[in-house]
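The values are calculated or read from the model by the stated rules, or taken from the named source; none is laboratory data. This structure is a prediction, so every number in the text was calculated from the model and none was measured. Here the Cβ is made from the backbone with ideal geometry for all residues, glycine too, and neighbour counts use every protein chain on show. The accessibility values were calculated without ligands, DNA or RNA, using every heavy atom of the protein model including side chains. Shrake-Rupley method; radii C 1.70, N 1.55, O 1.52, S 1.80 Å.
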Amino acid sequence: MDDKENIIMDKLTKICTCKSISKYKIKQAIEKGYDNIETIRKKTGAGSGYCNGKNCTEPIQNLIDDFWENK
Ligand code: FES
């Protein structure tokens, strides 16, 4: 997959389904320096939905970890 296709897939993939927050939006926040769950929640709204982050906290943490491992 090239970069454009990855971006499209990231925009279509919802990490926080309660708030319909995409993987793309989470990754953008991480790249801008929001580097922990709390700051990402405040920036994007992810984790503030019906499940209160039960379903999206781990995937968000995985994206943070991936970012730092590949930096
Ligand atoms: S999936 Fe994120 S708050 Fe429920």
Pair list, Cβ under 9 Å, 6 or more apart: the stretch 29-50 residue more than 15 Å from LYS19 (Cβ to Cβ) and basic (Lys, Arg), other residue open to solvent by 70 Å² or more (accessible area, probe 1.4 Å) and modelled with pLDDT of 95 or more: LYS32/LYS43
Every residue from the stretch 37-65 that is away from the ligand (no atom under 11 Å from the Cβ) and either modelled with pLDDT under 95 or of a type outside the set (Val, Ile, Thr) (or both): GLU38, LYS42, LYS43, GLN61, ASN62, LEU63, ASP65
Top-ranked residue of the stretch 27-67 - restricted to ones that are farther than 17 Å from THR13 by Cβ and polar (S, T, N, Q), ranked as surrounded by the most Cβ atoms within 10 Å (Cβ to Cβ): SER48
Single unsatisfied condition, ASN70 versus (1) open to solvent by 70 Å² or more (accessible area, probe 1.4 Å); (2) at pLDDT 95 or above; (3) of a type outside the set (A, V, I, L, M, F, W, C): (2)
Any hit, the stretch 57-64, residues being hydroxyl-bearing (Ser, Thr, Tyr) and assigned to a loop (DSSP other than H, G, I, E, B): no
